[in-house]
1. Do we have residue 124 as at negative phi and either crowded, with 20+ Cβ neighbours inside 10 Å or modelled with pLDDT of 95 or more (or both) here?
2. For segment 38-52, does any single residue satisfy the condition of being under 29 Å from residue 202 (Cα atoms) and under 20 Å from the mean Cα position of the chain (by Cα)?
3. Which residues, counting only those in segment 84-106, are farther than 14 Å from residue 9 by Cβ and either out of contact with any helix residue (DSSP H, G or I) (no Cβ under 9 Å at 6 or more places or on another chain) or surrounded by fewer than 18 Cβ atoms within 10 Å (Cβ to Cβ) (or both)?
4. Looking at segment 22-32, which of the residues that are surrounded by fewer than 23 Cβ atoms within 10 Å (Cβ to Cβ) and at negative phi is farthest from the chain's Cα centre (by Cα)?
5. Which residues, counting only those in segment 89-132, are under 21 Å from residue 45 (Cα atoms) and part of a loop (DSSP other than H, G, I, E, B)?
C-alpha cells in the first residue's frame, strides 16, 4: 500500500506582479468575471473539471460577498497601492482515497478552522479532471473586515517602545534633545505594525501541518501523510 499524495502550497496574488485577482478567481471557479480596473472580462465558463465552488465568510462579513464578482471587485477597490497584496492562495491536493463528499467536507473544515475563523473570506474551488490529481484552490482575502462590514486596515502606526514598554523619544541629532512638534508637543518614535498576523511566515508551517492532520484522521496508518520534507 502506498502513501497518499501530500501537497499544500501558499502564494500571494499581488498587483505589483501584474496579477489580477479577478482573473484568478474566474479561472479557478470556471466563471465569467469582469475586472473593472482593467476593463477586461475573464470568461472561463468553458473550463472543465471544476467540481465545486463556494465562498465562506466570517460572521461579520456582508452577505453580498457570497457573490464572487462582488467580493473580489470590492477587494480591488479597497487596495490603492500599485504593489498591493490582493489575495493569498492555498492549494491542497485531495487524497484520491476519499470520496468527493469527504474531500469537500475536509476542505470546508480546513478553511473554516484556519482562515474563516481568523476573519478571512475564503473562495474555494475544487478541480478534478479525472487524471488522478484532484485538488482545491483556496483564495483568501488579505485585509480584515470590521464589525460593521467595511474593510479594515492591514497596518497602523504605533509608538516604538523600549524594553520597559516606555515610548522612545525622537531625538534631534544636532541638539541631542527630544524634538518638539508644531504646537511645542514632544515627539516620539513611531513604527508601522500589522493589524493581524496573517503574513507571519510561521503560518505556512501551521497551515501545511493542519491539512496533513485533518487528512490523517481518515487515512489508514499505512497511508498517513506528512507536511515535512523528506530531509526533515
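1. yes
2. No: segment 38-52 contains no residue that is under 29 Å from residue 202 (Cα atoms) and under 20 Å from the mean Cα position of the chain (by Cα).
3. Hits for segment 84-106 are 84, 96, 97, 98, 99, 100, 101, 102, 103, 104, 105.
4. Here the residue is 32.
5. 128, 129, 130, 131
The values are calculated or read from the model by the stated rules, or taken from the named source; none is laboratory data. Note that the coordinates shown come from a computational prediction; the quantities given were computed from them, not determined experimentally. Cβ coordinates were reconstructed from backbone atoms using ideal geometry, including for glycine residues, and neighbour counts include every protein chain displayed.
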